[in-house]
Amino acid sequence: MKLNKTKKIKSDIVKEISEKTGIFQQDVKLIVNAFIESIRNNLLANHKIEIRNLGTFHTRVHRPKKIVDVNTGEKRVIGFRKKPKLKFGYDFSKMIEDNYTLDEIEDL
């Protein structure tokens, strides 16, 4: 079974929120950007961020590894790297899996 996926970008989400709430798009854009910036700053400070009914943002540190540059054949070492991760919560996963809304999940 092939799923029909469409791509949404931040401005599409801002527009949807604006239409649903009646808040001006400029204000919604400021809020969304502040939200993203807050998550970024907290992850940089090694904080774990839990958002109920969504999931947990955290970082994972990857060890250094040796690589060979394909173009030059040069051997190099890539140092420690920090990667952001999002682990979806049970409720959010259940909403997607069974096509529930947040209100329906809370009533279960």
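Just so you know, all these numbers are worked out from the coordinates, no wet-lab data involved. In this text the structure is predicted, and so the values were computed from the model without any measurement.
A compact table of results
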item: Three-way shape label, region 1-53, alpha-carbon gyration tensor, a/c 1.5; result: oblate
item: Phi-based couplings in Hz for region 63-73 (Karplus 6.51, -1.76, 1.60; Gly and Pro marked x); result: 5, x, 9, 8, 10, 10, 5, 5, 6, 9, x
item: Projected area, mean over directions - the chain, Cα convex hull, nm²; result: 11.5
item: 5 angstrom amide H check on Gly55, placed H, neighbours 5+ away; result: Gly89
